[in-house]
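One structure is given below, encoded as structure tokens.
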Amino acid sequence: MAAEIIDGKAFAADVRARVAGHVAQLKGQGITPGLAVVLVGEDPASEVYVAHKHRATVEVGMASFEHKLPADTSEADLFALIDRLNADPNVHGILCQFPVPEHLSERRTVARIDPAKDVDGLSVTNAGLLATGERALVSCTPLGCLMLLRDRLGDLSGKEAVVVGRSNLFGKPMAQLLLQENCTVTMAHSRTQDLPEVCRRADILVAAVGRAEMVRGDWVKPGATVIDVGITREPHPDKPGKTRLIGDVHFESAAEAAAAITPVPGGVGPMTIACLLANTLTACCRAHGMPEPEGLTA
Ligand SMILES: NC(=O)C1=CN([C@@H]2O[C@H](COP(=O)(O)OP(=O)(O)OC[C@H]3O[C@@H](n4cnc5c(N)ncnc54)[C@H](OP(=O)(O)O)[C@@H]3O)[C@@H](O)[C@H]2O)C=CC1
Ligand SMILES: Nc1nc(=O)c2c([nH]1)NC[C@@H]1CN(c3ccc(C(=O)N[C@@H](CCC(=O)O)C(=O)O)cc3)C=[N+]21
């Protein structure tokens, strides 16, 4: 294997430590950043993520507000909670865990959240601010990927970047961030013709599709940096009853060609939660008219 493995877990720990330092300072001034996480229904995977987020929030010294609502919660009741959180000065960030039950709409839910507290960066306002190059709250996973890329490559100007996947949560904001860094950006998706050939152009290859091991080693340009965002959970081949996580990239073969690659787990995933905390800190600083934390925004 040739590639260096990008340790997202260690990098995320560093981000969280930096966030904790800022939080301690703010607390000295009587301000405690607060994050509210809303979970509707009882999806087991979501429960695990929400528990992770709660622990990480408390660990950096922030206030964590967890709101678990039953699966049959009406839109009116969900919106009433969001309205209360929007108005609560102790809450600086609001995240509604997705997916929400069928009878609710993610789009309408996101639209209800005050854009200044939209730490997922999903609102039309934040997406528009990012696209026009203005100060936004940026979706946590792309922000985490950008931090890893800057750390590894420094200046990204002129690099060929290919983003596979075009979701509002990841692909689109990732492409916007790379464009802002002066990359030449290609967005690929399910209708892209000859995806392997498109991927082979990339100095920076980012895969966020949700198809286990789709990106093969011969899709990777020698020396490229490969960021694997995809997460597929499947039964563990050796441990009955257990599951394991698989990325969108076939790790062994891609690592032969790449100069650097993120693993799954331990790559992008931990950065998502670290950046959620960073965004909450950023939203808190903005709410109080204070300077933003350096190195923790886009
Ligand atoms: N590590 C982390 O923190 C996070 C991980 N994820 C993971 O990233 C993955 C993507 O998430 P998300 O963006 O929300 O997913 P979506 O399902 O919203 O989007 C998937 C994208 O992949 C494209 N796609 C599907 N099949 C193919 C194919 N055969 N070839 C090329 N492109 C294809 C789709 O194209 P089209 O638009 O044409 O349908 C779509 O744009 C998932 O595995 C998810 O679990 C997501 C968020 C955070
Ligand atoms: N409103 C909303 N915003 C999100 O950002 C959001 C969401 N809903 N719903 C679900 C997806 C998925 N997601 C992940 C977060 C952390 C890890 C993570 O920490 N992964 C670890 C492994 C964790 C494990 O072992 O299960 C890793 O890759 O190393 C993964 C995925 C955020 N999402």
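For the structure I just gave you, tell me whether ALA36 is surrounded by 13 or more Cβ atoms within 10 Å (Cβ to Cβ), touching a strand residue (DSSP E or B) at 6+ places or on another chain (Cβ under 9 Å) and within 18 Å of ASP120 (Cα to Cα).
Details: surrounded by 13 or more Cβ atoms within 10 Å (Cβ to Cβ): yes; touching a strand residue (DSSP E or B) at 6+ places or on another chain (Cβ under 9 Å): yes; within 18 Å of ASP120 (Cα to Cα): yes.
It is true that ALA36 is surrounded by 13 or more Cβ atoms within 10 Å (Cβ to Cβ), touching a strand residue (DSSP E or B) at 6+ places or on another chain (Cβ under 9 Å) and within 18 Å of ASP120 (Cα to Cα).
If I ask for residues that are part of a helix (DSSP H, G or I), over 17 Å from CYS199 (Cα atoms) and either hydroxyl-bearing (Ser, Thr, Tyr) or in contact with a Lys or Arg (Cβ under 8 Å, 6 or more places away or on another chain) (or both), which ones from the stretch 250-275 would you list? Within the stretch 250-275, PRO270, THR272, ILE273, ALA274 qualify. A residue that is assigned by TED's automatic domain parsing to the domain that holds LEU156 and within 16 Å of ligand 1 (Cβ to nearest atom) cannot be found anywhere in the stretch 279-288. Can you tell me which residue is nearest to ligand 1 (Cβ to nearest atom) among those in the stretch 146-175 that are surrounded by 22 or more Cβ atoms within 10 Å (Cβ to Cβ) and in a strand (DSSP E or B)? By that ranking, first place goes to VAL164.
Scanning the stretch 249-279 for residues that are more than 12 Å from ligand 2 (Cβ to nearest atom) and of a type outside the set (A, V, I, L, M, F, W, C) turns up HIS250, GLU252, SER253, GLU256. Only one of the numbered conditions (1) buried (at least 19 other Cβ atoms within 10 Å of the Cβ); (2) in contact with a His (Cβ under 9 Å, 6 or more places away or on another chain); (3) of a type in the set (A, V, I, L, M, F, W, C) is violated by ALA116, and that is (1).
Assess whether VAL185 counts as being crowded, with 23+ Cβ neighbours inside 10 Å and not in a helix (DSSP H, G or I). Criteria not met by VAL185. Set side by side, the residues GLY154, GLY165 differ, and just one is touching a helix residue (DSSP H, G or I) at 6+ places or on another chain (Cβ under 9 Å), of a type in the set (Gly, Ala, Ser) and outside the structural domain of LYS68 (by TED's automatic domain parsing), which is GLY165. When the stretch 26-56 is limited to residues that are within 12 Å of ligand 2 (Cβ to nearest atom) and of a type in the set (Val, Ile, Thr), the one that is farthest from HIS67 (Cα to Cα) turns out to be VAL48. When ARG211 is tested against (1) within 15 Å of the chain's Cα centre (by Cα); (2) over 28 Å from ALA283 (Cβ atoms), just one condition goes unmet, and that condition is (1). Among helices (runs of 4 or more DSSP H) entirely within the stretch 33-145, having at least 1 residues that are modelled with pLDDT under 95 and over 21 Å from SER167 (Cβ atoms) singles out 44-59.
Yes or no, residue by residue, for (1) crowded, with 16+ Cβ neighbours inside 10 Å; (2) not assigned by TED's automatic domain parsing to the domain that holds GLY154; (3) not in a strand (DSSP E or B):
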residue	(1), (2), (3)
LEU205	yes, no, no
GLY223	no, no, yes
ILE227	yes, no, no
GLU234	no, no, no
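Among the residues in the stretch 250-262, are any β-branched (Val, Ile, Thr) and in contact with an Asp or Glu (Cβ under 8 Å, 6 or more places away or on another chain)? Yes, the stretch 250-262 contains at least one residue that is β-branched (Val, Ile, Thr) and in contact with an Asp or Glu (Cβ under 8 Å, 6 or more places away or on another chain). A search for C-beta distances below 8 Å between a residue of the stretch 244-258 that is free of Cβ contacts under 8 Å to residues at least 60 places away in the same chain and any residue that is among the basic types (Lys, Arg), counting only pairs 6+ apart in sequence or on different chains, returns ARG244/ARG233; LEU245/ARG233; ILE246/ARG233; HIS250/ARG216; SER253/ARG216.
The values are calculated or read from the model by the stated rules, or taken from the named source; none is laboratory data. Small disclaimer: the values here were computed from a predicted structure and weren't measured. Please note: Cβ atoms are built from the backbone with ideal geometry, for glycine as well, and neighbour counts cover all protein chains shown.
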